[in-house]
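Worksheet for the structure shown next.
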Amino acid sequence: MRPIDQFAAKEIATLEAASLRRQLRERVRDGVMVREGGREYVSFACNDYLGLSQHPEVITAGKQALEQYGAGAGASRLVTGNHLLYAPLEAKLAKLKGKEAALVFGSGYLTNLGIVPALVGKGDVIYADKLVHACMLDGAQLSGATLKRFRHNDMAHLAELLAERGQYKHALIMTDHVFSMDGDVAPLEKMAALAQQHDAWLMADDAHGLGIIHEYPNGVDLWMGTLSKAAGAYGGYVAASRTVIDYLTSAARSLVYTTGLPPAVCASALTALEVMEREPQRGARALELARRVVPTAQSAIVPIVLGEAEAALSASDKLKEQGLLVVAIRPPTVPPGTARLRLAFSSEHTDAQVEQLRAALESLQIQP
Ligand SMILES: *Cc1c(COP(=O)(O)O)cnc(C)c1O
């Protein structure tokens, strides 16, 4: 073993001992079914909430763009990679969010890594909800701004922190719109009022809201999101004023120094957004199915918090024995002691599949 292998092996052993080792498994998706190791499962573990990754129109749009424009963008967007599918996609995203303009990035992760450091830096302050997605925190760290965390959805705590802002020049408030591991919704109207009162900017990550929640309150300066979840494709975006988008086009390093998305991906995403708009009943059904299992569900994501990582893993294994794929989410994705099952519902689940899940949870005495 070379020294680097010794290091890696030791780290793996530590992760294994804490039930925190992660491994890739080959899985084939077909609608809401997932095949793994010769068995088929009903998946409650995909973010394809509206089934659009497999929609015939979305696939056809991708194929046509692939044939017309080739496999790759060939360069960064600012060089020769800004192919013809970007403008309609960005126009659609801007309109959806009620903003003047939008900018598409390589992924949601890259969007946050790019926009946060472009907007704030040393001498500025970021206020982030305790439960924001990891990529906002990575963007925050990269920016060099001071990071302060407020208790989850606790507006009194945020107000307290804003009141003590002191010498920081710019302030950016960051939150998920729909929280990725909890499925609850941020109080954006209250947050926007606080932002205005304290001269702060507000950014909301809509990765899990798109297609499910159709209201976009005013006063959010930056709506970022992904095209990889309900939009069924790949890519990330931010919608904002035309001036902010213009600035980010020059300043977001994860846009400037990376290749544009393949044309086929943009074409599929654009078509998926069109289907989403034309068929709002898809999002309504995903939400309604979630509410059959947990009546208080606010989105297509429903957590069942079990505590320790082993408890969540064991529950996930037992559901798997019954033909149901439900992921166990463990630290560091969620805070220690809050390992959980994360149920993700899709408009494409049948009534019978959702009933099967409900009955399985009941038989295992897992209480949502
Ligand atoms: C998935 C996710 C992202 C990252 O989006 P990708 O396009 O998958 O990189 C960002 N924010 C939140 C809240 C997410 O759930």
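Out of Arg25, Arg39, one residue alone is more than 29 Å from Ala284 (Cβ to Cβ), in contact with a strand residue (DSSP E or B) (Cβ under 9 Å, 6 or more places away or on another chain) and not aliphatic (A, V, I, L, M). It is Arg25. Going by the conditions given, is Ala186 over 19 Å from the mean Cα position of the chain (by Cα) and either surrounded by fewer than 21 Cβ atoms within 10 Å (Cβ to Cβ) or not aromatic (Phe, Trp, Tyr) (or both)? Answer is no for this residue. The residue of the stretch 357-368 that is farthest from Arg285 (Cα to Cα), among those that are aliphatic (A, V, I, L, M) and part of a loop (DSSP other than H, G, I, E, B), is Leu364.
Any residue at all in the stretch 39-58 that is among the hydroxyl-bearing types (Ser, Thr, Tyr) and either within 16 Å of the ligand (Cβ to nearest atom) or part of a helix (DSSP H, G or I) (or both)? Reasoning before the result, please.
Pass one, the stretch 39-58, residues among the hydroxyl-bearing types (Ser, Thr, Tyr): 41, 43, 49, 53.
Narrowing the set further to residues that are either within 16 Å of the ligand (Cβ to nearest atom) or part of a helix (DSSP H, G or I) (or both) leaves 49, 53.
Within the stretch 39-58, one or more residues are among the hydroxyl-bearing types (Ser, Thr, Tyr) and either within 16 Å of the ligand (Cβ to nearest atom) or part of a helix (DSSP H, G or I) (or both).
Among the residues of the stretch 184-209, what is the count of those that are in contact with a strand residue (DSSP E or B) (Cβ under 7 Å, 6 or more places away or on another chain) and touching a residue at least 60 places away in the same chain (Cβ under 8 Å)? Of the residues in the stretch 184-209, 9 are in contact with a strand residue (DSSP E or B) (Cβ under 7 Å, 6 or more places away or on another chain) and touching a residue at least 60 places away in the same chain (Cβ under 8 Å).
Among the residues of the stretch 184-224, those that are within 16 Å of the ligand (Cβ to nearest atom), of a type outside the set (Phe, Trp, Tyr) and touching a Lys or Arg at 6+ places or on another chain (Cβ under 8 Å) comprise Asp206, Ala207, His208, Leu210, Gly211.
Could you check, for the stretch 283-298, whether at least one of its residues is crowded, with 24+ Cβ neighbours inside 10 Å, modelled with pLDDT of 95 or more and touching a strand residue (DSSP E or B) at 6+ places or on another chain (Cβ under 8 Å)? Scanning the stretch 283-298, I find at least one residue that is crowded, with 24+ Cβ neighbours inside 10 Å, modelled with pLDDT of 95 or more and touching a strand residue (DSSP E or B) at 6+ places or on another chain (Cβ under 8 Å), so the answer is yes. Scan the stretch 234-277 for residues that are outside any helix (DSSP H, G or I), within 14 Å of the ligand (Cβ to nearest atom) and either surrounded by 24 or more Cβ atoms within 10 Å (Cβ to Cβ) or among the acidic types (Asp, Glu) (or both) and jot them down. If the condition is that a residue be outside any helix (DSSP H, G or I), within 14 Å of the ligand (Cβ to nearest atom) and either surrounded by 24 or more Cβ atoms within 10 Å (Cβ to Cβ) or among the acidic types (Asp, Glu) (or both), then Gly235, Gly236, Tyr237, Val238, Leu261 are the ones that fit.
Residue check: is Lys92 under 29 Å from Ala284 (Cα atoms) and not acidic (Asp, Glu)? Yes, satisfied.
With respect to Ala73, is the statement that it is of a type outside the set (Asp, Glu), on the phi < 0 side of the Ramachandran plot and surrounded by 13 or more Cβ atoms within 10 Å (Cβ to Cβ) true? Outline the logic, then answer.
Working: of a type outside the set (Asp, Glu): yes; on the phi < 0 side of the Ramachandran plot: yes; surrounded by 13 or more Cβ atoms within 10 Å (Cβ to Cβ): yes.
Yes: the conditions hold for Ala73.
Checking each residue in the stretch 324-356 for being part of a loop (DSSP other than H, G, I, E, B) and surrounded by 15 or more Cβ atoms within 10 Å (Cβ to Cβ) picks out Val326, Arg330, Pro331, Thr333, Val334, Thr338, Phe345, Ser346, Ser347, Glu348, His349. Taking the stretch 169-183 as the range and being crowded, with 18+ Cβ neighbours inside 10 Å and either of a type outside the set (A, V, I, L, M) or within 11 Å of the ligand (Cβ to nearest atom) (or both) as the test, the residues that pass are Met174, Thr175, Asp176, His177, Val178, Phe179, Ser180, Met181, Asp182, Gly183.
The values are calculated or read from the model by the stated rules, or taken from the named source; none is laboratory data. Keep in mind that this is a model prediction, so the values were computed, not measured. With ideal geometry, Cβ positions are generated from the backbone for all residues, glycine too; neighbour counts draw on all protein chains shown.
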